[in-house]
Amino acid sequence: MLVIRNKKPYVFEAVGPVKYTPLKQWIAHGEKGKYVVRRVEGGLSVEQQQKLAQTAKRYLGKPYDFSFSWSDDRQYCSEVVWKVYQNALGMRVGEQQKLKEFDLSNPLVQAKLKERYGKNIPLEETHNIYIVSHGWHTGIVVPAAIVNRVLPQLDARFAQPKWYEIGWGDKGFYQAQEITSRLTLQAMFWSTGAVMHVVAFSAPPERYFPGSEVKPLTINNGQLATLMLFIGRSFSRSEAGNVIPLKKAFMVTASFMPPMVAMGF
């Protein structure tokens, strides 16, 4: 959304935290400096412009919604513009089509998402994650602060950890007090269903999992966005958009949630 602040042009956008980006900087993000401006038919009065500016302030600083959940706590690019016009002026800028309702699992769609994120978000910034192999299970370790943007319920459930290990696996196998050969075979051939497994901790991953193989992996912003999109969409949610927890867990620092998609072995 193009706005004038202190007699200078800015773009109000969500490409991370919602912010005002100088117009020249925004244009530089596009391909070959090209851009398109769509104007409201008939223009806007001074009063309408003031209402838009006041409403936009509500969303400043909101984190990017990698799960596209249409939540006021987090915003994605087209969502924040749609909401500002709707809430300020009762004006619908196009028909409402929530991205979360689309199937994003198609490999072609995934490739386009990667392409888009890579072009529009600076790739200089990198993030360290870890792959942890326990022999019978492999998990992904991601900074808690990043995961909490996608799954804020975890932030409320755990006491400010630095890391989350996230895994996918058999329901019976994951929640068992003791791992047996019978459970292993059952998980492989007669699964009782899948769960998402989350372990919260603050020690360095190599120290927290001393008996496991821990491999560091450096990814850029585009890769992180795709990973967070996948993780966010892997959890089952209530109609209100909240993650649905399971009651049983074998560790104080662990939590179990049903996945949105079925898992196979």
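The values are calculated or read from the model by the stated rules, or taken from the named source; none is laboratory data. Being a predicted model, the structure only gives us computed values, none of them experimental. Neighbour counts are summed over all protein chains in view; Cβ atoms, including those assigned to glycine, are modelled from backbone coordinates with ideal geometry.
Observations
- Scanning segment 126-152 for residues that are of a type in the set (S, T, N, Q) and without any contact (Cβ under 8 Å) to a residue 24 or more places away in the chain yields one hit, ASN148.
- Of the residues making up segment 54-76, those that are over 19 Å from LEU151 (Cα atoms) and of a type outside the set (Lys, Arg) number 4.
- From the options LYS51, LYS32, residue that is farther than 24 Å from ASN148 by Cα, at pLDDT below 90 and part of a helix (DSSP H, G or I): LYS32
Each row is one residue, and each column tells you yes or no for (1) crowded, with 20+ Cβ neighbours inside 10 Å; (2) acidic (Asp, Glu); (3) in a strand (DSSP E or B); (4) modelled with pLDDT of 85 or more.
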{"site": "GLN177", "(1), (2), (3), (4)": "no, no, no, no"}
{"site": "LEU183", "(1), (2), (3), (4)": "no, no, no, no"}
{"site": "ALA187", "(1), (2), (3), (4)": "yes, no, no, no"}
{"site": "MET196", "(1), (2), (3), (4)": "yes, no, yes, no"}
{"site": "PRO210", "(1), (2), (3), (4)": "no, no, no, yes"}
{"site": "VAL214", "(1), (2), (3), (4)": "no, no, yes, yes"}
{"site": "ILE219", "(1), (2), (3), (4)": "no, no, yes, yes"}
{"site": "GLN223", "(1), (2), (3), (4)": "no, no, no, no"}
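- Once segment 8-23 is narrowed to residues that are over 15 Å from TRP82 (Cα atoms) and modelled with pLDDT of 90 or more, the residue that is surrounded by the fewest Cβ atoms within 10 Å (Cβ to Cβ) is LYS8.
- Near pairs, Cβ below 7 angstrom, 6+ apart or cross-chain, from segment 25-49 (polar (S, T, N, Q)) to any residue that is assigned to a helix (DSSP H, G or I) and surrounded by 10 or more Cβ atoms within 10 Å (Cβ to Cβ): GLN48/LEU89
- In this structure, ALA156 does not qualify as in a helix (DSSP H, G or I), at pLDDT 75 or above and closer than 27 Å to HIS29 by Cα.
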